[in-house]
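Peer 1: Mind having a look at this structure? Questions to follow.
Taken together, the values in this text are just the output of simple stated rules run on the coordinates, not laboratory data. Since this is a predicted model, take the numbers as computed values, not measurements. Neighbour counts are summed over all protein chains in view; Cβ atoms, including those assigned to glycine, are modelled from backbone coordinates with ideal geometry.
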Amino acid sequence: MNDGWEETGIAAKTIEPCGKDLVYMGLEEVKDEQGNEAGYKLRVRDMLTGQERTSAAEPFAEQTLIGCTPDSRYLLIGTYLKNVGNSINAYDTETMKMIGTFAYHDEAGLTTQRLSPDGRYLLAGEKESSFPLPDGRRIQVLPALLPFRSRVTSVAWSGDSAKAYILTKSGPQNLIIYDVATSAQRTIELAFGPRDYFGMRIMVHPKTERVFIHTGLSFDGEIEFIEYLFMFDPAQLPKKGNTITVKPQLLGDIFATVAFGPDNTLLFSLMPNQEASTPAFPEKYKGIFMADLDGKVIGRITKDHYDLEPAYMDERRLLVISRENRLPFNALYMRTIMYWRNSSASIR
C-alpha cells in the first residue's frame, strides 16, 4: 500500500486495544483428547515484543472486555454463568492468571468501556466499593443510578476520568453524566428531531470532551441504518439544572462506523448493503475515511473494507479494523491491525 499504512500480518476474530501496548485477542477454544470442548483461554498479544500469552482454560464461553489499566498490566473481563450470574474477573497480563473477581448483580446491562481511562474507576454494581489489585492499586467501583427500568446502551468516559457518560435505552432517550468527585448526576434528554433516531454508541473526545452519539433509525422497535452521527458540547450546557433537554447537532448520515483518529480526526467507513437487490458497491466508497471533528470529510486513508468499529492506538500508531474474510473461518470478517508507518503521508 502507498497511503502510509501497512498491515502487520496479525489477524484474529477479535482484536481490541488493551491499555498502552497490548491487544486482547478474544478466546481460544480448548478440546480434550476426545475432541470435546474443555473450556476457553484468554489470549493477549504484546505489540512491542510480539509475544502472545494465554490463560488457563476456564468455562466461560461468552466474555466481554470491560477494560484494561493504562499500563496494560491488568485486564478486566465480564462473564456470565447460568445459576451464578454476572461477574467481572481481573487478570494479570504478565502471568495470565486470574487475580480477583467482582460479583456484578445489577440489571443495567454489561457493556464495554466501564473502566475509566486512568484505570481507577469501574462503573458497575449496586453500591460503592473497591477492587484490590496485587500491586497495591485499588479500582473503585461506582454505582450507576439509572432511571427506573432503564438499561445501559453505551458508556464513555471523559479523557481525565472525571466524568462518565451513560447512554440509556429509556424513551425518550437519556444521557446521564456522572461526576466522579461528587457522585452528582445530570440527565440529558436527547431531542434528536422529528425522525426516530436512537443512539447506539456514545464517544467522548479525550481532548475537547465533545460528545458524539452514533445513532440509527428506529422502525417498530428495530434499529436500522446505524450511520447517523450527532454531536454536542457539554461546555455549552447550562450550569444549573439536573435535567436538561439538548438537541444535538447532526454532523452527517454517512458514518457506518466511527472512531477517534490521530490529530483530532474521526475515522469512519461507508457500509454497503449486501442484501440489496444490487449489492455492488462503488469502489470509491470502500475503505476507511477521515473527517474532522465537525464531520467534514478530509479523504480516504486506506481502501481496506471493514464493518466493525475501528480502534486507533495513538501512542503505537496502530489501527484495528475488520476486513472481508479470505480465510477458511466461519466468521464473515476478520479483525486485523495496520501500522501507520508515515504519519505525514498525504491523505486522499
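Peer 1: Once phi is turned into ³J(HN,Hα) by the Karplus curve 6.51 cos²θ - 1.76 cosθ + 1.60 with θ = phi - 60°, what whole-Hz value does each residue of segment 243-259 show in order, with x for glycine and proline?
Peer 2: Whole-Hz 3J(HN,Hα) from phi for segment 243-259: 10, 10, 9, 10, 9, x, 7, 7, 8, x, 10, 10, 8, 5, 9, 9, 8.
Peer 1: A further question on this structure: Please list the non-local residues whose amide H lies under 5 Å from the amide H of residue 18, H modeled 1.01 Å from N, same-chain partners needing a gap of 5 or more.
Peer 2: For residue 18, the qualifying residues are 23, 24.
Peer 1: Rounded to whole Hz and in sequence order, give me ³J(HN,Hα) for segment 67-73 from the Karplus expression 6.51 cos²θ - 1.76 cosθ + 1.60, θ = phi - 60°, writing x for Gly and Pro.
Peer 2: In residue order, the calculated couplings are x, 9, 5, x, 8, 6, 6 Hz.
Peer 1: Show the residues, 5+ positions off or on another chain, whose built amide H is closer than 5 Å to the amide H of residue 99.
Peer 2: Hits under the 5 Å cutoff: 90, 91, 92.
Peer 1: Follow-up question, since we're still on this one. Taking H as built 1.01 Å from N, whose amide H comes closer than 5 Å to the amide H of residue 334, not counting residues under 5 places away?
Peer 2: 323, 325
Peer 1: Can you compute the modelled spin-label distance between residue 33 and residue 54, with each label point 7 Å from Cα toward Cβ, in nm?
Peer 2: My value for the distance between the label points is 1.9 nm.
Peer 1: Strictly over 19 Å apart at the Cα level, which of 20/286; 169/247; 41/97; 13/41 would you flag in this model?
Peer 2: Working: 20/286 30 Å; 169/247 17 Å; 41/97 11 Å; 13/41 14 Å.
Exceeds cut-off: 20/286.
Peer 1: Which whole-Hz couplings ³J(HN,Hα) result when phi for each residue of segment 129-137 is put into the Karplus expression 6.51 cos²θ - 1.76 cosθ + 1.60, θ = phi - 60°, listed in order with x for Gly and Pro?
Peer 2: These are the phi-based 3J(HN,Hα) values: 7, 9, 10, x, 10, x, 8, x, 6 Hz.
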